[in-house]
Amino acid sequence: MAELTALESLIEMGFPKGRAEKALALTGNQGIEAAMDWMLELVAQKQREREEREEREALERERQRRRQGQELSAARQRLQEDEMRRAAEERKREKAEELEARQRVREKIERDKVERAKKYGGNVGSQPSPPATEPGPVPSSPSREPPTKREYDQCRIQVRLPDGTSLTQTFRAREQLAAVRLYVELHRGEDLGGGQDPVQLLSGFPRRAFSEADMERPLQELGLVPSAVLIVAKKCPG
């Protein structure tokens, strides 16, 4: 059997013909061993280049991931800041509306005080309502008509506070119970120790706790005319 040439030996070992020819030529046809060393070094160099390329691509992907994460975090922070700003503006608007509503009620009470002062004279806060004139006795008669029910346009309210003191004020019969509650709240800094929660009003007898719906009803409709005693309920702790 004829001895194989160096090229044939390399091809038989599994190397591509073109690469084997190039290896023999670049090594000066110094034999199989020199050609194999050249080809193995070429394979190792390509492996290193591929690993370096993959490492660069991995680093670039990581930089992109971090950059996208930072952009997403910044977008979330801007969204949260916008939501907090809108919530603060909404709370500010609601507070302003509440203050305006309370101011309107205070102004209404002050106008009513001025009207009562003009009508009765003196300090309305301490001016008792004019005593109701009870109808005199009617002589008995077989044809006597039943007495007509008197209509009152004023209502004298006494409010008993938890500390044992009381407030007395005169209101119009058509005023809502909310005006009485606000009058008590305006004196809370002196008599009830301050606070922001609305007071709870109770009737004296029979005992009844007035609801928020009752606050919109006129005093005469609640049976508090011509005079009544209300009690400020003590609040439970906590």
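The values are calculated or read from the model by the stated rules, or taken from the named source; none is laboratory data. What you see is a predicted model, and the numbers here were worked out from it, not measured in a lab. Cβ coordinates were reconstructed from backbone atoms using ideal geometry, including for glycine residues, and neighbour counts include every protein chain displayed. Areas reflect the complete protein model, heavy atoms only, side chains present, ligands, DNA and RNA absent. Shrake-Rupley method; radii C 1.70, N 1.55, O 1.52, S 1.80 Å.
When region 154-181 is limited to residues that are part of a strand (DSSP E or B) and among the β-branched types (V, I, T), the one that is farthest from R217 (Cα to Cα) turns out to be T168. Tell me, yes or no, whether region 190-207 has at least one residue that is open to solvent by less than 50 Å² (accessible area, probe 1.4 Å), at pLDDT below 90, in contact with a helix residue (DSSP H, G or I) (Cβ under 7 Å, 6 or more places away or on another chain) and among the aliphatic types (A, V, I, L, M). There is at least one residue in region 190-207 that is open to solvent by less than 50 Å² (accessible area, probe 1.4 Å), at pLDDT below 90, in contact with a helix residue (DSSP H, G or I) (Cβ under 7 Å, 6 or more places away or on another chain) and among the aliphatic types (A, V, I, L, M).
Could you check, for region 37-54, whether at least one of its residues is out of contact with any Gly (no Cβ under 9 Å at 6 or more places or on another chain), in a helix (DSSP H, G or I), open to solvent by 70 Å² or more (accessible area, probe 1.4 Å) and over 30 Å from L24 (Cβ atoms)? Yes, some residue in region 37-54 is out of contact with any Gly (no Cβ under 9 Å at 6 or more places or on another chain), in a helix (DSSP H, G or I), open to solvent by 70 Å² or more (accessible area, probe 1.4 Å) and over 30 Å from L24 (Cβ atoms). Scanning region 120-138 turns up no residue that is at pLDDT 60 or above, touching a helix residue (DSSP H, G or I) at 6+ places or on another chain (Cβ under 7 Å) and among the small types (G, A, S).
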